[in-house]
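Following: one structure in structure tokens, then a few remarks.
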Amino acid sequence: MTSLVVVDDQASIREALAVMLDLADGIDVIGTATNGEEAIAVVAEHGPDVVLMDLNMPVLGGVEATERIRATHPGVQVLVLTTFEDDESILAALRAGASGYLTKEADRAKIEQAVRAAGSGQSVLAPEVQQRLLALATREPRRAREEFGFTAREREILGLIGEGLRNPEIAARLVISEATVKTHINNLFAKADFHSRADAVRYALDTAR
């Protein structure tokens with residue numbers, strides 16, 4: 001039996017997933033949470049095998065919640081279920097320690113199968129996610145950070161972008177205003193010719209190796 005916690009800020013989705021998965025053979029839903037902070041508390045209280053984690057939530061998002069859960073409860077597997085399938089979200093979640101990544105286009109059978117697989121320690125990626133990762137793996141890595149003339153603060157912010165943090169979270173981490181964060185990001189985007197935040201995430205991950 002795989003014990004499961006369902007995390008989603010939308011009540012209708014959270015409740016539907018909880019009911020659906022609790023009825024599935026071999027899955028026992030032992031808790032739910034509406035955001036990342038609640039998820040951390042529920043995991044600490046109940047110790048599930050798997051957490052089914054949304055990404056974009058108030059209070060604390062799924063990426064940082066995943067990272068904190070994996071750091072304090074390494075035996076708990078996190079399976080992401082989200083509407084987002086962009087490079088930035090996928091890389092940030094996997095780097096945070098998620099063992100699987102599905103989009104909400106997945107049907108009931110696929111979600112159930114993924115939960116059971118995660119409970120057994122297996123990694124499960126939606127086909128569209130696998131395609132994106134393959135595309136990323138075949139792209140040429142960018143030049144080293146220093147070649148672009150980044151300042152120390154820009155390198156620091158780039159690293160936080162690579163960890164999946166959004167602008168408000170970066171501002172809070174560095175104790176600076178969100179406007180200042182945006183200015184630094186605009187500067188490093190111009191220096192490195194990034195066209196999207198996903199470019200910055202890929203670059204940060206490439207140069208962190």
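Bear in mind these aren't lab numbers, they're just calculated from the coordinates by the rules spelled out. The model shown is predicted, which means the values in this text are computed figures rather than measured ones. Positions of Cβ are backbone-derived with ideal geometry, glycine not excepted, and every protein chain shown enters the neighbour counts.
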Practice prompt. Describe numerically, in nm with one decimal, the distance between label points set 7 Å from Cα along Cα→Cβ at Leu60 and at Asp28.
Written response: 2.5
Fill in: Segment Ser196-Gln130, extension gain: residue separation times 0.36 nm, minus the distance between their alpha carbons
21.7 nm
Fill in: Positive-end extreme of charge dipole, region 1-74 - chosen from Asn35, Val6, Pro74 (charges on Cβ)
Pro74
Worksheet item: For the chain, modelled as a GNM with alpha-carbon contacts under 10 angstrom, which of Thr103, Thr66, Thr183 fluctuates the most?
Response: Thr183
Response to the item:
Ranking Leu174, Ile90, Met53 by how far each Cα lies towards the positive end of the charge dipole of the chain (+1 on Lys and Arg Cβ, -1 on Asp and Glu Cβ), the top one is Leu174
Worksheet item: So how much slack lies between Glu37 and Ala109, counting 0.36 nm per residue of separation and subtracting their Cα-Cα distance, in nm?
Response: 23.1 nm
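Per the Kirkwood definition applied to all pairs of different Cα atoms, how many angstroms is the hydrodynamic radius of region 25-104?
Values: mean 1/r = 0.0807 Å⁻¹.
Across region 25-104, the inverse of the average 1/r is 12.4 Å.
Kirkwood Rh over alpha-carbon pairs of region 155-197, then Stokes-Einstein at 10 °C and 1.306 mPa s: what D in µm² s⁻¹, rounded to an integer?
Roughly 154 µm²/s, to the nearest whole number.
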Worksheet item: Which value in nm describes the separation of the simple spin-label points at Ser12 and Ala71, placed 7 Å from the Cα toward the beta carbon?
Response: 3.6
Worksheet item: Cα centroids of region 81-118 and region 1-70: how far apart, whole angstrom?
Response: 13
Practice prompt. Using the Cα centre as the reference, give the magnitude of the dipole from point charges on the C-beta atoms of the chain (Lys, Arg: +1; Asp, Glu: -1; all else neutral), rounded to the nearest 20 debye.
Written response: 760
